Amino acid sequence: AMLDPDRGLSLTIARVVQRLQGSSLHSQLERQARVSLHKPEIKLESLKEDIKEFLKTSGWEKKLQNAVYSELNVFPSPCHPAAPPEHIKEPLAYMRKAQGSWEKRILKSLNSMCTELNIPLAQKRPVNEQKELLNKWNEMGTDEPDLSLFRPVYAPKDFLEVLMNLRNPNYENGEQPSFRNHLGLIQVPLKVKDIPELKEDFSELGLNIGQLGIDDSAQVPPEFFENEHVRVGQKVLAEQDSAAAQQYVRQGCPTALRADLWALILNISNQPEDILYYEQLKSNVIQHDLLVDSLIYKDVKLTASNDDYYFVFEDYLYQVLLCFSRDTSVLEHFAYSSATPPKSYIQGKLGMEEYAVFYPPNGVIPFHGFSMYVAPLCFLYHEPSKLYQIFREMYVRFFFRLHSISSHPSGIVSLCLLFETLLQTHLPQLFYHLREIGAQPLRISFKWMVRAFSGYLATDQLLLLWDRILGYNSLEILAVLAAAVFAFRAVNLMEVTSLAAAEAVLADLSTLKVMPLLQIFLFATVT
């Protein structure tokens, strides 16, 4: 149920205040206010105003604004106060149910691996192993344990099979009036945007607006735009305003400013307490051995280690992903995710809630390709605790939506439907041709979207794409790009006669230029 705006606003304010009250920012602000009492410019008769003014001039007001902005970006707008918590997770019951049964399957797969290999989910490392791990913390990649028996719990194509079988039970046997002519693999009626709506949403990508990532714009000589854009970017950083930074990156980030701009948008400042927290996660990794450690290890070996761009970051990936699996603060995102963290029971206590623990402690079971969410960030951040925090924030804002079943516009189901609808509407001949030969386009593009194109595009292009994900606080651009890639290769795709041949045409995306593709598809397609 929708709320009237005032009621919604007061609920939002109450929630943000509650979230910030326990934060370290709150205690820092209190400390600053106390310190300011000893300053000569603070007068007793105008105490409240003077302290406010002090917090403003000393930059603390900005920090508070950014924290509030960050909360508003992450949490969904409030439901009706009477709405049950599961509605905040996912409003549609059939989606919640499908996500639940998918989770059961994943857990079953994990548990059967435990049983087969006779390995516990978690155990304390013997002291000599702890020392060894600590010594080689920065070169874990040199280790070559035998992981031949471990297999990824699932791969994107297994997940696609599940999404293809989703149905809304209210529409028995295809009686979905407006939806009857959707011929893609996704058969649930969700509302997705059409090109006119996307043009409006992504107006800053328009043909007459300067962009980083476009070399030959007719309007503005690129070097003129770049110099000016860098100047503005430096100003945005000096202002330390998250909202301004988010608006700015819609036109792309200058390479030299990207790390700082992303950190500002995500409100990551790498304070001493953050570094300490990261060290605690690390010591937890040193002390305890989890089954997921082997899954993470194997995933890095299967993906990033074989990638021309990312193999050099292998050690960073182990550090970040092992710490991530121990991070219980990640559990907070399940309040607004359709997913539920898996539970494991202490031996012999199955089903007794007081003996239940979340497993892994962060509630996220990695799948094949998961480490590619971290790899591109290694280009921007070289300090492990900062890299870690940026990844964690990217995950709880965006990436979790790419592997859970929900009706959210940035969720993978909506992205698949948006991709198929764009193709069927704007490239009907291509869409029908590929469908006829058994090469449903989504079978090819699904893995690109699940990984947010990481490992498929050249890194400079991927970072330009992720600029826009942050700028628009949305993953919809992934579906638009996937459709644009098909449009770009349409002539070759019209010639193919099998799925394998279609896959071959689209096997290498590393030469693609993201921004021209998006612009042409959105703004030069006849609608």
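The values are calculated or read from the model by the stated rules, or taken from the named source; none is laboratory data. Source: prediction; values computed, not measured. We place every Cβ from the backbone using ideal geometry, glycine too, and count neighbours over all the protein chains shown. Heavy atoms of the whole protein, side chains included, go into the accessibility calculation; ligands, DNA and RNA do not. Shrake-Rupley method; radii C 1.70, N 1.55, O 1.52, S 1.80 Å.
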### Task
Treat each spin label as a single point 7 Å out from the Cα along the C-beta direction, and report the Asn138 to Ile437 distance in nm.
5.2 nm
### Task
Work out the length of the dipole vector of the chain about its Cα centre, built from +1 on the beta-carbon of each Lys and Arg and -1 on the beta-carbon of each Asp and Glu, and round it to the nearest 20 debye.
1100 debye
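Using a 1.4 Å probe, what is the accessible area per residue for region 333-436, in Å²? Kindly include the intermediate steps, with their values, before the conclusion.
Details: 3380 Å² over 104 residues.
Each residue of region 333-436 exposes 32 Å² on average to a 1.4 Å probe.
By Kyte-Doolittle mean hydropathy of at least -1.0 and Cα axial length of at least 27 Å, which whole DSSP H helices of the chain are selected? Display every interim value, and only then the final one.
Numbers: long enough: 93-117 (36 Å, -0.58).
Those that pass (Cα extent of 27 Å or more, hydropathy at least -1.0) are 93-117.
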### Apportionment of accessible area to carbon and sulfur, the chain, percent (1.4 Å)
55 percent
### Message
Among Gly471, Leu190, Ile42, which residue has its Cα furthest toward the positive end of the charge dipole of the chain, with +1 on Lys/Arg Cβ and -1 on Asp/Glu Cβ?
### Response
Leu190
### Query
With charges set only on the Cβ (+1 for Lys and Arg, -1 for Asp and Glu), what does the dipole of region 5-78 come to about its Cα centre, in debye to the nearest 20?
200 debye
### Cα→Cβ-extended label distance, 7 Å offset, between Leu37 and Glu49, nm
2.1 nm
### Task
Answer rounded, prolate or oblate for the chain, using the Cα gyration tensor with square roots of eigenvalues a ≥ b ≥ c: rounded when a/c is under 1.5, else prolate when a/b is larger than b/c, else oblate.
rounded
## Note on the structure
By the Kirkwood definition, with r running over pairs of different Cα atoms, region 5-78 has a hydrodynamic radius in Å of 13.7 Å
### Task
Could you name the lysines whose alpha carbon sits less than 24 Å from that of Lys104, not counting residues in the same chain fewer than 8 places away?
Lys89, Lys157, Lys298, Lys343, Lys349, Lys447
## Note on the structure
Gyration tensor on Cα atoms of region 29-173, a ≥ b ≥ c root eigenvalues, a/c under 1.5 rounded, else prolate if a/b beats b/c, else oblate, says oblate
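Run the numbers for Tyr94 and Val232: contour at 0.36 nm per residue of separation, minus the present Cα-Cα distance, in nm.
Details: separation 138, 0.36 × 138 = 49.68 nm, distance 4.70 nm.
Extra length available between Tyr94 and Val232 comes to 45.0 nm.
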### Summary
Everything considered on the Cα gyration tensor (a ≥ b ≥ c; rounded for a/c under 1.5, else prolate if a/b is larger than b/c, else oblate), region 293-408 must be described as prolate
### Query
What are the aspartates and glutamates whose alpha-carbon lies under 16 Å from the alpha-carbon of Lys108, with same-chain residues fewer than 8 places away excluded?
Glu116, Asp158
